[in-house]
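A short worksheet on the structure shown next.
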Amino acid sequence: MKARMTNPAYVLPGAMNGIGTIFQSIGESGLDQELSELVGLRVSQINGCSACVHAHVLNLRKAGAGEERIAAVAAWFEAPFFSDAERAALRLSEAMTRLSDRSHESVPDELWDEVADHFDEKELSGLILFVSLMNLFNRVNTTIKEPAGATWG
């Protein structure tokens, strides 16, 4: 499989600068790298982005995540391999990603309070930006048919 076109972030050079700045800010938030990758994997699974699923699995392995945890991300709600903080982050990630599936507000106060119990404002800011960025990447990659195994910058 070959992508339909070069990734738009490489076609428009200013886009990579902006994305890089957002990634730098997320890195400065104190958000745990393994948690970020778990969240990125779940968001990418929901959106059907094979390129990002592949990348997050590789990144989780590099971060030292066990195969049990990686394999269970798709069924995290029933799996015993995740902490309460990780569950809250995964729940928030799903709520932010499944906007069209909602029959209530996207992030109810109960969910917000649960997430805020586990993360300070900087970490929560990093988490929100990371999930948003993953949704952006998923939409770009599925549109251009970026294949699994693609490497970026």
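The values are calculated or read from the model by the stated rules, or taken from the named source; none is laboratory data. Bear in mind that the values here come from a model prediction, so they are computed numbers and not experimental data. Note: ideal-geometry Cβ built from the backbone for every residue, glycine included; neighbour counts use all protein chains shown. Just so you know, the surface numbers come from the protein's heavy atoms only, side chains and all, with ligands and any DNA or RNA stripped out. Shrake-Rupley method; radii C 1.70, N 1.55, O 1.52, S 1.80 Å.
Calculated from the structure, P(r) over Cα pairs in 10 Å bins from 0, in percent equals which of (i) 11, 40, 37, 12, 1; (ii) 10, 38, 33, 16, 3, 0; (iii) 9, 29, 32, 21, 7, 1?
(i)
Over the range 62-135, give the accessible area per residue in Å² for a 1.4 Å probe, as an integer.
57 Å²
May I ask for the longest run of the chain untouched by chymotrypsin sites (Phe, Trp or Tyr not before Pro) that are loop-located per DSSP and have at most 16 neighbouring C-beta atoms (other than their own) within 10 Å?
1-76
Within straight cross-link reach of LYS145, meaning Cα distance under 17 Å, which lysines are found once same-chain residues fewer than 8 apart are removed?
LYS2
Could you go through the range 91-101 in sequence order and give the Karplus-derived ³J(HN,Hα) for each residue, using 6.51 cos²θ - 1.76 cosθ + 1.60 with θ = phi - 60°, rounded to whole Hz, and x for Gly and Pro?
5, 4, 4, 5, 4, 5, 8, 8, 4, 6, 8
When the helix-only estimate is applied to the chain (DSSP H runs of n ≥ 4, each -39,500 (n - 2.57), divided by the residue count), what is the mean residue ellipticity at 222 nm, nearest 500 deg cm²/dmol?
-20500 deg cm²/dmol, from helical runs alone.
Please report the carbon-and-sulfur percent of the accessible area for the range 27-153; probe 1.4 Å, protein heavy atoms only, DNA, RNA and ligands left out.
After summing per-atom areas, the C and S share lands at 51 percent.
Could you tell me which trypsin sites (Lys or Arg not before Pro) in the range 1-57 are loop residues by DSSP with no more than 14 other beta carbons within 10 angstrom of their beta carbon? If you can, show how the numbers build up before the last one.
On the way: sites: LYS2, ARG4, ARG42; in loops: LYS2, ARG4.
Here the sparse-neighbourhood loop sites are LYS2, ARG4.
Give the residue list of GluC sites (Glu not before Pro) in the range 40-101 that are DSSP loop and have at most 12 other beta-carbon atoms within 10 angstrom. Please report the intermediate quantities before stating the final value.
Working: sites: GLU67, GLU68, GLU78, GLU86, GLU94; in loops: GLU78.
For GluC sites (Glu not before Pro) across the range 40-101 that sit outside H, G, I, E and B with at most 12 neighbouring Cβ atoms in 10 Å, the list reads GLU78.
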